[in-house]
1. Per-residue HN-Hα couplings for segment 38-53, Karplus 6.51 cos²θ - 1.76 cosθ + 1.60 at θ = phi - 60°, whole Hz, x for Gly and Pro?
2. For a protection proxy built on the mean count of beta-carbon atoms within 10 angstrom, sort 44-51, 32-39, 8-15 highest first, please.
3. With the contact rule set at Cα under 8 Å and sequence spacing of 6 or more, what percent relative contact order holds for the chain?
4. Would you kindly state how much longer the chain becomes between ASN11 and VAL54 on full extension, computed as 0.36 nm times their sequence separation minus their alpha carbon distance, in nm to one decimal?
5. Just to confirm, what accessible area per residue do you get for the chain at 1.4 Å probe, in whole Å²?
6. Rounded to a whole number, what % of the accessible area of the chain do carbon and sulfur atoms account for, probe 1.4 Å?
Amino acid sequence: MAVYVFVINVNATTVALTLLPAVLAAATIWGLPEAITTSISAVLVFNFFFLPPVGTFRIEDSQN
């Protein structure tokens, strides 16, 4: 995710579709508890770094 923040300028859809395989891999390899933890972590990272206003856990747009 640091690459998306500091190196490559991408939109939120690209980031979300990158996080999805990480959650699916965790579910496939380790099981349900790890998949739930990975999913919650992915949502928090996505919200904090990629949805406006960036740097907060607030959601500005109701569609997000």
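1. Here the 3J(HN,Hα) series is 5, 5, 5, 4, 5, 5, 5, 5, 4, 5, 6, 9, 10, 9, x, x Hz.
2. Working: 44-51: 15.6, 32-39: 13.9, 8-15: 11.5.
Descending packing order for the listed peptides: 44-51, 32-39, 8-15.
3. Numbers: 40 pairs, mean separation 15.0, N = 64.
Over the chain, the number comes to 23 percent.
4. On the way: separation 43, 0.36 × 43 = 15.48 nm, distance 1.28 nm.
Between ASN11 and VAL54, full extension yields 14.2 nm more.
5. On the way: 4670 Å² over 64 residues.
With the other protein chains kept in place, the chain gives 73 Å² per residue.
6. Numbers: 3170 of 4670 Å².
In the chain, the share of accessible area belonging to carbon and sulfur is 68 percent.
The values are calculated or read from the model by the stated rules, or taken from the named source; none is laboratory data. Given the structure is predicted, the values throughout are model-derived calculations rather than measurements. Using ideal geometry, Cβ is built from the backbone for each residue, glycine included, and neighbour counts are taken over all protein chains shown. These accessible areas exclude ligands, DNA and RNA; they are computed on the full protein's heavy atoms, side chains included. Shrake-Rupley method; radii C 1.70, N 1.55, O 1.52, S 1.80 Å.
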